[in-house]
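> First, the structure itself, so that you have it in front of you.
The values are calculated or read from the model by the stated rules, or taken from the named source; none is laboratory data. From a predicted model like this one, the values you see are computed outputs, not experimental measurements. No Cβ is skipped: glycine too gets one built from the backbone with ideal geometry, and neighbour counts run over all protein chains shown.
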Amino acid sequence: MSPFLRAVLIGLSIAAPVGPIGVLCIRRSLAEGARAGFASGLGAASADAVYGSLAAFGLTAVSQYLIEQQGPIRLVGGLILLVVGSRAFLAAPIEGIGGPEPLAASGIPAAYASAFALTITNPMTIVSFAAVFAGLGLDVVRGDYAAAAVLVLGVFTGSVLWWLTLSSVAGLLRRRIGVGALRWINRASGIVIAVFGISILMSLL
């Protein structure tokens, strides 16, 4: 298997486990349409690409600094999760949920930015990429920027494929749910996202 395809699988494997971004992507796809969900996933994929780049290009000084500062960074991430979870819990269901996607184009950047911010506040992702790269024999020779770029592109592609699939499936399901069901989805997803935030904050104590 080529290094690019291996990197695609890495991107898929890191994006696929259910976490706060997955819950957020599903919730936004159901409530606001597949575009909102995919924008959220694209934000997460971009953050993965940033950390994948640090691992692939061997930027150890930057990586080490971020890992050393993970406490304050994760504190910010935990607080953002609490805010996002609270907003999801209190969000009012959109009438006519089975109709055209209601999210205005101006809401797409906000969906992207919030997911990017949440994902980038977990510096330990660098360690995950470095470990997986090494485990699959994808160590990048220092100075081989072309090989590093292939790995980063593969990771980004795999992550995007996952989020596109997840948001598309959830977007299709939104036409089959009613306002009452969406209200409970908002509440449940808000609680789950907030719990992730609380768990991060508790881990810092």
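> Taking into account only those residues within the range 188-205 that are touching a helix residue (DSSP H, G or I) at 6+ places or on another chain (Cβ under 6 Å) and at pLDDT 80 or above, which is surrounded by the fewest Cβ atoms within 10 Å (Cβ to Cβ)?
Only one residue tops the list, namely Leu201.
> Any residue at all in the range 159-171 that's farther than 30 Å from Leu90 by Cα and either among the β-branched types (Val, Ile, Thr) or at pLDDT 75 or above (or both)?
Yes, some residue in the range 159-171 is farther than 30 Å from Leu90 by Cα and either among the β-branched types (Val, Ile, Thr) or at pLDDT 75 or above (or both).
> Here are some residues: Ala105, Ala55. Which one is of a type in the set (A, V, I, L, M) and modelled with pLDDT under 65?
Unique residue meeting the criteria: Ala105.
> Could you say whether any residue in the range 172-180 is under 16 Å from the mean Cα position of the chain (by Cα), modelled with pLDDT under 85, assigned to a helix (DSSP H, G or I) and among the small types (Gly, Ala, Ser)?
no
> While we're on this one: For the range 125-157: of the residues being modelled with pLDDT of 75 or more and in contact with a Ser or Thr (Cβ under 8 Å, 6 or more places away or on another chain), which is nearest to Ala115 (Cα to Cα)?
Phe156
> Something else: Looking at the range 68-83 only, could you name the residues that are surrounded by 14 or more Cβ atoms within 10 Å (Cβ to Cβ) and at pLDDT below 80?
Correct list: Gln70, Ile73, Arg74, Val76, Gly77, Gly78, Ile80, Leu81.
> How about the range 8-43: which of its residues are crowded, with 24+ Cβ neighbours inside 10 Å and of a type in the set (Ser, Thr, Tyr)?
Those that are crowded, with 24+ Cβ neighbours inside 10 Å and of a type in the set (Ser, Thr, Tyr): Ser29, Ser40.
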